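Working notes, structure below.
The values are calculated or read from the model by the stated rules, or taken from the named source; none is laboratory data. Note that the coordinates shown come from a computational prediction; the quantities given were computed from them, not determined experimentally. Cβ atoms come from the backbone with ideal geometry, glycine included; neighbour counts cover every protein chain shown. Just so you know, the surface numbers come from the protein's heavy atoms only, side chains and all, with ligands and any DNA or RNA stripped out. Shrake-Rupley method; radii C 1.70, N 1.55, O 1.52, S 1.80 Å.
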Amino acid sequence: MAGKSASYRCTGCGHSALTWTGQCAGCGAWNTLEQASAPPARSGNRGRARAGSAPKPVPLRDVKAERSKRLGTGIAELDRVLGGGLVPGSLVLLGGAPGIGKSTLAGMALANIAEAGHDVLYVSGEESAAQVRRRAERLGEAALSVPMLAEPSLESVLAALEAERPSACVIDSVQTLAVPDMAPGSVGAIREATSALLETAKRLDVTLILIGHVTKEGSLAGPRALEHLVDCVLHFEGERERTFRTVRALKNRFGATSEVGVFEMKQGGLVEVVDPSARFVGEARPAPGSVVLCAMEGTRPLLVEVQALVAPTEIVPPRRTATGVDRNRLALVLAVLTRHAGISLAAADVFVNVAGGVRIDEPGADLAIAMAVASAHSGRALETDGKPLACFGEIGLTGEIRYVSHADRRVAEARKFGLGKVLGPPGGDQAIPGLAPVSSVKAAVSGGRRTDLKRVA
Ligand code: TYD
Ligand code: MG
């Protein structure tokens, strides 16, 4: 018996309780508490080490830190997001909605790693061996040589890792691993499985890629129970109807979290989009409500088209829909437009969309949102020499345009695509050729002329 320590445990979330209750205080599920069969033996007397047995701290300079060689996945966009490939012995969580291409990406990476001469293993609890084979057939010859195991039990996966000792192993997916005495797919089971895999992988120096489904709310594996356990959390996203997919790191112990890899789903698997700007603004034409945003995704400048639609409505409160940009930033930009640029949108629905199905997550998008909305509102296309207007910059609460990093690289990218004039924040040390500085939202939307935008009372 567990004695004084918690003796009931939720089979759903792993929450421990001293007494039995009908509803779990941890996850709110009913009738999931079960008597714990064994006392939790792990923590021991941690934190109460007796005097005399205290370990001696070591100066960091004397700590051994060998720089291990990275394991390249052969997919440049993925390696860049990882910070230069997989770190041997690390644990990577690859999350994304069903059907986005997680198994495809992981399968391609394993095939490349195997081709480079390393041992690999693909564990599928999700699909049958035949289904995995059919996917591999589409991916090519190398994918067919990846050893696979259709094995949904945690114990046998651990045994297989011990026996095979691969350099890299994919678990597809962590939610489908069966853990003894736990409801399959429950947070408790996922956590248990991940800790066990983590221990084995670190000991055997196996690089593990865990695939996890995101829930409707967008979090990985229900509550973000796994994120602190793993070294790297990658999120695979994009709209299923569109072909573009992006991979970004939400957490990375071995690299930056700002990098984004762009892919396109094609017949033969995922294809890297090496020049995403060309894809995203290739279709952009000057039209009311359309501007080009010069964004930065990590170390790479990226041009995307931001579109807005402003339509009169009787609905109270009016609709504000943002796809690809943060809803809160849209609310802020609309408030600034109303307060500082005299554009009232109280009786209008506002839709803002980043074309191509990409998501832009940086403050530099503010000005593009403002310009697109102002242009949609006035019905006047913003163009320079027959090309759509390009812009970037953060908007402050007083209506000022604020500095954002890498102004020169943003402008250079726009010029590469023949977008001659770029509206952006003033400041910086020297004038950037092609940059037209604007200091306030009001000046930006009035194009310096002040007369164009009608005021709506
Ligand atoms: P999949 O990797 O199975 O997604 P996930 O593991 O995230 O659920 O693949 C998703 C979709 O991609 C699937 O609907 C089929 C499509 N697909 C292609 O278009 N081309 C291909 O070469 C492959 C392998 C898949
Ligand atoms: Mg899958």
Some residue of the stretch 111-121 being closer than 26 Å to residue 239 by Cβ, within 15 Å of ligand 1 (Cβ to nearest atom) and of a type outside the set (Val, Ile, Thr): no
Neighbours by Cβ (under 6 Å, 6+ apart or cross-chain): first from the stretch 64-81, of a type in the set (Phe, Trp, Tyr); second open to solvent by 70 Å² or more (accessible area, probe 1.4 Å): none
Lone qualifier among 163, 143 - being more than 19 Å from residue 268 (Cα to Cα) and small (Gly, Ala, Ser): 163
Test: residue in the stretch 159-175 that is acidic (Asp, Glu), at pLDDT 90 or above and within 13 Å of ligand 1 (Cβ to nearest atom): yes
Number of positions in the stretch 230-275 that are within 11 Å of ligand 1 (Cβ to nearest atom), within 28 Å of residue 69 (Cβ to Cβ) and not in a strand (DSSP E or B): 0
Members of the stretch 245-264 that are of a type in the set (D, E, K, R), more than 13 Å from residue 297 (Cβ to Cβ) and either surrounded by fewer than 21 Cβ atoms within 10 Å (Cβ to Cβ) or in contact with a helix residue (DSSP H, G or I) (Cβ under 6 Å, 6 or more places away or on another chain) (or both): 251, 253, 264
Test set (1) open to solvent by less than 60 Å² (accessible area, probe 1.4 Å); (2) within 13 Å of ligand 2 (Cβ to nearest atom); (3) polar (S, T, N, Q) - residue 131 fails condition number: (1)
Among residues of the stretch 339-354, those that are open to solvent by 40 Å² or more (accessible area, probe 1.4 Å) and under 32 Å from the mean Cα position of the chain (by Cα), counted: 2
Pick from the stretch 176-200, criterion surrounded by fewer than 22 Cβ atoms within 10 Å (Cβ to Cβ), not β-branched (Val, Ile, Thr) and not in a loop (DSSP other than H, G, I, E, B), ranking: farthest from ligand 1 (Cβ to nearest atom): 199
Subset tally (residues that are in a loop (DSSP other than H, G, I, E, B), among the hydrophobic types (A, V, I, L, M, F, W, C) and within 16 Å of ligand 2 (Cβ to nearest atom)) for the stretch 99-120: 1
For residue 57: the one exception among (1) open to solvent by less than 50 Å² (accessible area, probe 1.4 Å); (2) modelled with pLDDT of 90 or more: (1)
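Let's see how each residue does on (1) more than 17 Å from residue 349 (Cα to Cα); (2) modelled with pLDDT of 95 or more:
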residue	(1), (2)
278	yes, no
295	yes, no
305	yes, no
308	no, yes
315	no, no
326	no, no
332	no, yes
Yes/no for residue 124 being polar (S, T, N, Q) and either surrounded by fewer than 22 Cβ atoms within 10 Å (Cβ to Cβ) or away from ligand 2 (no atom under 16 Å from the Cβ) (or both): no
